[in-house]
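Peer 1: Please read through the structure below; I'll follow up with questions.
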Amino acid sequence: MSGSWGSILTELIPLGLVVALSPLSIIPAVLVLSTPRPRPTGLAFAAGWLFGLAVLTAVFLTLSNLVGGIGEKPPSWASWLRVVVGVALIVLGAYRWANRKRSEHMPGWMTRMSTLTPAKAAATAAALTVLNPKVLFICAAAGLAIGSSGLSYPSVWLAGIWYVAVAGFTVALPILAYAVSGARLDPALARLREWMERQHAVLVAVILVVIGVLVLYKGIHAL
């Protein structure tokens with residue numbers, strides 16, 4: 001594994017974790033398991049979520065190719081991009097911390113997740129990746145980071161698959177576990193949902209700040 005390959009995979013982990021550990025990723029995935037048809041609805045939601053992440057990342061990866069060129073030496077703007085992303089994550093984390101008391105209750109649209117059909121679950125999941133500014137922003141950062149890393153084809157697409165796997169595992173795992181174990185997981189999923197509702201504001205704020213510092217440091221170090 002080359003240095004640049006290992007470096008970009010390592011850089012994509014914290015970006016993916018911002019999406020993976022967001023309550024707006026995990027809670028809807030848990031709620032769709034309360035629908036009348038939890039298995040097909042959950043699997044459809046997971047497929048739609050992973051598809052949305054993959055498409056967004058591919059779009060911004062393609063844009064980075066138009067700007068700089070896949071496989072070429074990373075341009076100087078790539079380091080500045082990391083700096084901007086890092087600062088933005090820190091600011092967003094600080095904002096979420098300052099407003100954590102206002103985010104204690106689950107948004108109203110989430111309560112309707114338990115009424116979705118499989119087709120609507122897939123469409124909703126794909127739409128949420130685009131309509132959630134945090135997911136959109138992080139997928140943009142990941143796609144541009146991969147495209148400006150200096151990797152060539154097919155390595156850039158393998159890096160994209162790696163990012164989608166990291167960003168989507170917290171949605172896919174509980175749904176796949178439920179598909180295998182069924183209703184035996186209901187008590188554990190209920191406890192997880194309750195905990196996320198209580199702690200998600202603090203959790204997201206801390207994660208954003210920590211990952212923002214890491215991305216900012218990498219950007220400054222590369223200047």
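Every number in this text was worked out from the coordinates using simple rules, so none of it is lab data. What you see is a predicted model; the values in this text were computed from it and never measured. All Cβ positions, glycine included, derive from the backbone under ideal geometry; neighbour counts span all protein chains shown.
Peer 1: Within segment 9-35, what residues put their amide N at less than 17 Å from the label point 7 Å along the Cα-to-Cβ vector of ALA94?
Peer 2: Residues passing the 17 Å test: none.
Peer 1: Sticking with this structure for a sec: Using square roots of five times the C-alpha gyration tensor eigenvalues, list the equivalent-ellipsoid semi-axes of segment 120-223 in whole Å, biggest first. Before the final figure, lay out each step's value.
Peer 2: Numbers: eigenvalues 181, 76, 34 Å².
The three semi-axes for segment 120-223 are 30, 19, 13 Å.
Peer 1: As an exercise, use a Förster radius of 30 Å and the Cβ-Cβ distance of LYS101 and VAL210 to find the FRET efficiency, rounded to the nearest 0.05.
Peer 2: Using R0 = 30 Å, I get an efficiency of 0.90.
Peer 1: From the C-alpha gyration tensor of segment 148-196, pull out the three semi-axes of the equivalent ellipsoid (sqrt of 5λ each), sorted largest to smallest, in whole Å. List each step's numbers first, then the result.
Peer 2: Numbers: eigenvalues 235, 31, 3 Å².
Taking √(5λ) for each Cα gyration eigenvalue gives 34, 12, 4 Å.
Peer 1: Would you mind calculating the gained length between LEU158 and VAL180 on full extension (0.36 nm times residue separation, minus the Cα-Cα distance), in nm to one decimal? Mind dumping the intermediate values first?
Peer 2: Working: separation 22, 0.36 × 22 = 7.92 nm, distance 2.79 nm.
Computed gain between LEU158 and VAL180 is 5.1 nm.
Peer 1: Would you please give the FRET efficiency between VAL84 and HIS221, computed as 1/(1 + (r/R0)^6) with r the Cβ-Cβ distance and R0 = 22 Å, to the nearest 0.05?
Peer 2: Values: r = 15 Å, r/R0 = 0.68.
Given R0 = 22 Å and the Cβ-Cβ separation, E is 0.90.
Peer 1: Suppose R0 equals 22 Å. What FRET efficiency, 1/(1 + (r/R0)^6) with r the Cβ-Cβ distance, do ALA188 and SER114 give to the nearest 0.05? Show your work: numbers first, answer last.
Peer 2: On the way: r = 17 Å, r/R0 = 0.77.
The value I calculate is 0.80.
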